[in-house]
Amino acid sequence: MEQSTSGTVATPASRPDYDMDIVKKFFTATVVWGIVGMLVGVVIALQLAWRPANLGLPWTTFGRLRPLHTNAVVFAFGGNVVFTGIYHSMQRLLKTRMWNDTLSRIHFWGWQLIIVAAAVTLPLGLTQSKEYAELIWPIDVAITLVWVVFAVNFFATVAIRKVEHMYVAIWFYMSFVITIAVLHIVNSLVIPATLFRSYPIYAGLTDALVQWWYGHNAVGFFLTTPFLGLMYYYLPRAADRPVYSYRLSIIHFWALVFLYIWAGPHHLLYSALPDWAQTLGMVFSIMLIAPSWGGMLNGLLTLKGAWDRVRTDPILKFMVVAVSFYGMSTFEGPMMSIRAVNGLAHYTNWVIGHVHSGALGWVGMISFGMLYWMVQNIWNRPLAYPSWASHHFWLATIGIVIYTVAMWAAGLMEGLQWRALDDAGRLANPIFLDITHRLNPFLWLRVVGGSMYLVGAVMMGINFWKTIRGPSAPAGARVEGV
Amino acid sequence: MNPLLREAAASVQFGWLMGVMTLVFIACFLAWVWYAYTPKHRQMMEEAARLPFMDGGEN
Ligand code: HEM
Ligand code: HEM
């Protein structure tokens, strides 16, 4: 219960009038774009296993749909889910309504418009051909404007807060808002030639370094820090116990943001990048294990004493698996940053396995946990089909395992066969295509695992639809298990 | 690049640069460990950990 510190008026009615409408908007967008992005993922997975799925049309080929997938899952699903959580939790943590409702709405509609623009331009083949920054310059300008609107609203809300101390989740969100702005602007600097074409201001190696400084920190500050912020708010809420060590959260926050920024060169090992810069990236990547595992341990230990509930509560199950995959992918990443290991992994499906153990395991599962918790809370009603949440959990978990194990196996096989020599020192597999053909069973397994993950997400969507349209809990009643 | 800048960059000794950076980072690290663990902040940390629960109900 809220407590009055001043001793004067603090009636329940004085609770701030939070803007819940904006949370519901982002919530809905998250579920819709999530399903779309994962569907495109399954389609491109199928295309790699079975060529006719490219349909022979330029707009539907793998090359054009792949960036559609990455943009949809990272910026549409990932972006919207983070905004949902930020608008919901920051108003509560700071005990104030968002500073300006109009800015919130410009942010919402602007972001959705950008996503639609991406969904139109990418299949048309309009691209800047920089990974995770494919969108053409007019859309880049729009992203910058919408981001500034969001940032102004965000920091103004921080400024008018009614709580002195900013909870650690807010710090994680801040790192996201600031860093993404800087990354996006620096990496997108181009000289426009026409409405659809432009030339980057960087060339050669500088271009590559800027690109992977951006690319890696997109992972760090789009797919990691804001999601850790969500973990620090929603895991304690769902488990009904405060975070295991608040001190650890502060230390690992600062260590994480300090180290992440330098790790980008691990994407450019064995390239023309000077050796010292490669080594720098490698060393910082290995050091990243420490703060990453600090976060993982803090998440897992928060559940100490609540393990009986983990067995029965699907929300906690999603969160435990998410945090475990976070730990796994942040162990795997530093290992892959070691030059010798990277020599084996680079260009192979191992990287794709790593990506999706982070993306499906960490980003996806923590999001699902949060969404299931939130739908019952903000609409104040129990899930329409509680058992479906459990089915979703198992479909997703088994789907991830099938997906990632298939990719690890495929990646190791590729890496080893590419470099294998025969007794005379010649390539043992001189025909590259032979090795590519051998990947096929694994690619089919990925279609299976990915489809399971998608079916789970669709079940979640139907469940939410039914829940939101169903009867609400009686006034004053708390939804069970929440 | 401006030739003067190029010359300056070439003469920077990376060993020095990295050494200084390492020291700066260690100092920062010690500072925030101190901030988190100093007994003076104990109560503040405990209160902060409870912030997600100071909400007084949902919706
Ligand atoms: C149904 C689930 C999904 C399936 C079947 C799927 C499938 C795929 C496929 C086939 C690729 C291309 C791999 C290649 O070029 O060899 C890919 C790339 C990628 N996906 Fe997914 N995906 C799914 C969900 C997600 C989610 C939820 C995220 C992020 C939150 C994500 C992030 C990415 C990224 C970042 C890449 C690019 C990886 C790279 O360039 O190394 N995917 N995905
Ligand atoms: C300590 C943490 C991590 C480190 C040091 C790390 C390191 C690496 C390395 C070495 C690569 C391979 C680069 C290559 O050979 O091409 C890579 C790729 C990738 N990682 Fe991580 N990783 C970490 C955590 C994560 C997490 C948690 C996620 C997802 C949420 C993630 C997403 C990705 C993506 C999307 C790529 C593919 C980039 C591309 O080529 O398109 N990583 N990472």
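If I stretch the segment between A:T279 and A:R97 completely, what's the gain in nm (0.36 nm per residue apart, minus their alpha carbon distance), one decimal?
60.9 nm
At a Förster distance of 22 Å, what's the computed FRET efficiency of B:V24 paired with B:M44, Cβ-Cβ distance as r, to 0.05?
Computed FRET efficiency for B:V24 and B:M44: 0.25.
Along the charge dipole of chain A, pointing to its positive end and built from +1/-1 on Cβ of Lys, Arg, Asp and Glu, which listed residue (A:S89, A:A290, A:L65) has its Cα farthest out?
A:S89
Pop the C-beta distance of A:I468 and B:Y35 into the FRET formula with R0 = 45 Å and round what comes out to the nearest 0.05.
The value I calculate is 0.55.
Tell me the net charge near A:N153. Cut-off is 14 Å between Cβ atoms, A:N153 excluded, with +1 for each Lys or Arg and -1 for each Asp or Glu.
So the environment of A:N153 carries a net charge of +1.
What does the buried accessible surface come to for B and A, summed over both chains, with the probe at 1.4 Å? Round to 100 Å².
Result for this pair: about 2900 Å² buried.
Using a/c under 1.5 as the rounded threshold, could you call chain B rounded, prolate or oblate? The axes a ≥ b ≥ c are square roots of the C-alpha gyration tensor eigenvalues, and prolate needs a/b larger than b/c, oblate otherwise.
In terms of gyration-tensor shape, oblate.
Determine the sum of side-chain charges near A:N80: Lys and Arg each +1, Asp and Glu each -1, restricted to other residues whose C-beta is under 13 angstrom from that of A:N80.
+2
Net charge near A:A239: determine it from the other residues with C-beta under 11 Å of the C-beta of A:A239, scoring Lys and Arg +1 and Asp and Glu -1.
Local charge sum for A:A239: +2.
For chain A, what does the relative contact order come out to in percent, with C-alpha contacts under 8 Å and a separation of six or more?
That works out to 14 percent.
Pairs A:K25/A:K95; A:K25/A:K304; A:K317/A:K466; A:K24/A:K162; A:K162/A:K317; A:K25/A:K317: which are spaced more than 30 Å apart, C-alpha to C-alpha?
As for pairs spanning more than 30 Å Cα to Cα, those are A:K25/A:K304; A:K162/A:K317.
Enter the angle in degrees (range 0 to 90, nearest 10) between the Cα long axis of helix A:386-419 and the first principal axis of the Cα atoms of chain A, meaning the one along which they spread out most.
It works out to around 20 degrees.
If the only charges are +1 at each Lys and Arg Cβ and -1 at each Asp and Glu Cβ, what is the size of the charge dipole of the range A:2-469 around the Cα centre, to the nearest 20 debye?
940
Quick one: which residues, 5+ away or cross-chain, put their amide H under 5 Å from the amide H of A:W99? H built at 1.01 Å from N.
For A:W99, the qualifying residues are A:T157.
Report in % the part of the accessible area of the protein assembly as shown that belongs to carbon and sulfur, leaving out ligands and nucleic acids; probe 1.4 Å.
Taking all protein chains in place, the protein assembly as shown shows 71 percent carbon and sulfur surface.
Applying the Karplus parametrisation 6.51 cos²θ - 1.76 cosθ + 1.60 with θ = phi - 60° to the phi angles of the range A:29-42, what ³J(HN,Hα) value in whole Hz is obtained for each residue in order, glycine and proline being reported as x?
4, 4, 5, 5, 5, x, 5, 4, x, 6, 4, 4, x, 5
Assuming R0 = 60 Å, can you tell me the calculated FRET efficiency for the pair A:D240 and B:F14, based on Cβ-Cβ distance, to the nearest 0.05?
Approximately 0.70, to the nearest 0.05.
Residue by residue through the range A:93-107, which ³J(HN,Hα) values in whole Hz follow from phi under the Karplus form 6.51 cos²θ - 1.76 cosθ + 1.60 (θ = phi - 60°), with glycine and proline marked x?
5, 9, 6, 8, 5, 3, 4, 9, 5, 5, 4, 4, 6, 4, 4
So who's got an amide H within less than 5 Å of the one on A:S198, skipping anything under 5 residues away but keeping other chains? H placed 1.01 Å off N, in plane.
A:A193
Relative to the isolated chain, which residues of the range A:266-281 have their accessible area cut by 50 Å² or more in the presence of all protein chains (1.4 Å probe, heavy atoms, no ligands or nucleic acids)?
Residues meeting the cut-off: A:W276.
At 0.36 nm per residue, minus the direct Cα-Cα distance, what do A:L427 and A:L205 gain on full extension? Give it in nm, one decimal, please.
Gain on stretching A:L427 to A:L205: 76.9 nm.
Given the Cα-Cα distance of A:F331 and A:V310 and 0.36 nm per residue of separation, how much length would full extension add, in nm?
Gain on stretching A:F331 to A:V310: 5.2 nm.
At 7 Å along the Cα-to-beta-carbon direction for both A:L412 and A:V148, put a label point, then send me their distance in nm to one decimal.
About 5.1 nm, to one decimal.
Whole Å is fine, so just give me how far the alpha carbon centre of the range A:398-450 lies from that of the range A:63-122.
Cα centres, the range A:398-450 to the range A:63-122: 36 Å.
What list of ³J(HN,Hα) couplings, whole Hz, do you get for the range A:20-26 from phi and the Karplus terms 6.51, -1.76, 1.60, once you set θ to phi - 60° and write x for glycine and proline?
8, 4, 5, 5, 5, 4, 5
The values are calculated or read from the model by the stated rules, or taken from the named source; none is laboratory data. Everything numeric in this text was worked out from a predicted model, so none of it was measured. Because the Cβ atoms are built from the backbone with ideal geometry, glycine has one as well, and the counts that use them run over all protein chains shown. For the accessible areas, the whole protein counts, side chains as well, though only heavy atoms, and no ligand, DNA or RNA atoms are used. Shrake-Rupley method; radii C 1.70, N 1.55, O 1.52, S 1.80 Å.
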